[in-house]
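Following: one structure in structure tokens, then a few remarks.
The values are calculated or read from the model by the stated rules, or taken from the named source; none is laboratory data. None of the values given here were measured: they were computed from a predicted structure. Glycine also receives a Cβ, built like all others from the backbone with ideal geometry; neighbour counts cover every protein chain displayed. With ligands, DNA and RNA removed, areas are computed over all heavy atoms of the protein, side chains included. Shrake-Rupley method; radii C 1.70, N 1.55, O 1.52, S 1.80 Å.
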Amino acid sequence: MQINVFFSPNHLDELLLRDKIIVVIDVLRASTTITYAMRAGAREIIPVASVDQAMKIVGNLHSTSTILCGERNGKRVDGFKLGNSPSEYTEEAVEGKALIITTTNGAVALTKAKHARQCFVSGFVNMSATVEALAQVPGLENETLHILCSGREEQFSLEDATCAGMLITRISQKFSNVRYTDSARAALSVYAQFGSDIPRTLRESDHGQILVSLGFEDDIRLASEIDSVPLVPVLEQNAIKKKLIFSDALREEVELRANRGLNKPPVRKARVSA
Ligand code: MLT
């Protein structure tokens with residue numbers, strides 16, 4: 001297998017990623033948040049690049065089970081139900097719902113990957129699960145894996161590059177004959193330099209400092225918890241509907257929730273009196 005890294009989706013043509021095997025990373029915070037949302041039972045997540053597009057889609061759907069989510073300048077968009085903090089994505093908020101999400105970098109990277117043959121969403125929270133998911137991709141050992149970092153404001157970001165480096169390290173322990181492009185080697189060296197204290201690296205990164213100044217320090221803590229959510233969201237074309245689960249306990253939790261949904265009393269239609 002060969003591994004390649006894009007440090008930003010900027011200038012990346014979506015057709016270049018067509019039919020490729022891709023992992024999209026946005027540690028702070030979109031990929032962490034999307035992983036939390038899928039664990040909490042979101043039915044589907046549709047990433048879109050702009051606020052206007054998100055409004056248009058939700059307007060066309062006319063559905064009460066679809067909610068608008070995301071941020072601009074780190075803060076929840078006015079009129080949206082949820083922002084981009086993983087902790088907002090509770091069962092109560094998202095179970096059974098379709099989420100239209102737009103974020104400054106992560107959602108943009110995901111839209112670029114919509115023609116991929118296989119696209120996984122990854123961060124520190126689902127690091128081992130991502131490696132397990134990749135191990136299930138048929139023929140990957142003879143192909144190139146592209147890791148697409150969302151970066152920040154169309155630039156390199158330290159937290160995504162560190163995460164990419166950790167992922168490459170873990171993949172190399174699992175697969176044999178792994179080769180690296182120059183960008184993959186660079187990610188490995190970023191990880192060697194900054195990977196020993198992930199919470200600190202995240203907190204001291206450019207994006208981390210902005211999040212701290214906005215009062216989102218807890219999001220950084222959650223995003224740095226390695227393997228806290230053993231689940232991998234899968235993007236297929238325009239939407240994330242599928243999740244791969246790599247823990248019995250989490251599988252049980254998800255099944256319990258599904259059964260609870262089936263046992264819900266039917267919604268009675270209100271009687272219309274003349
Ligand atoms: C993004 O996708 O741009 C990030 O998740 C921004 C943020 O921290 O909300």
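Of all the numbered requirements in (1) away from the ligand (no atom under 12 Å from the Cβ); (2) within 30 Å of residue 249 (Cβ to Cβ); (3) modelled with pLDDT of 95 or more, residue 17 misses one, and that requirement is (2). Of all the listed residues (66, 32), the sole one being touching a residue at least 12 places away in the same chain (Cβ under 8 Å) and in contact with a Pro (Cβ under 8 Å, 6 or more places away or on another chain) is 32.
Restricting attention to the stretch 54-104, the residues that are within 15 Å of the ligand (Cβ to nearest atom), open to solvent by 20 Å² or more (accessible area, probe 1.4 Å) and in a helix (DSSP H, G or I) add up to 2. Selection over the stretch 211-266 of residues that are within 16 Å of the ligand (Cβ to nearest atom), farther than 15 Å from residue 37 by Cβ and either buried (at least 19 other Cβ atoms within 10 Å of the Cβ) or touching a residue at least 24 places away in the same chain (Cβ under 8 Å) (or both) gives a count of 6. Is the stretch 44-53 home to any residue that is within 13 Å of the ligand (Cβ to nearest atom), more than 16 Å from residue 237 (Cα to Cα), part of a helix (DSSP H, G or I) and open to solvent by 10 Å² or more (accessible area, probe 1.4 Å)? Yes, some residue in the stretch 44-53 is within 13 Å of the ligand (Cβ to nearest atom), more than 16 Å from residue 237 (Cα to Cα), part of a helix (DSSP H, G or I) and open to solvent by 10 Å² or more (accessible area, probe 1.4 Å). I need a count of the residues in the stretch 169-210 that are of a type in the set (S, T, N, Q), buried (at least 16 other Cβ atoms within 10 Å of the Cβ) and within 16 Å of the ligand (Cβ to nearest atom). Number satisfying all stated conditions: 2.
Of the residues screened, residue 83 is not one that is touching a Lys or Arg at 6+ places or on another chain (Cβ under 7 Å) and closer than 25 Å to residue 261 by Cβ.
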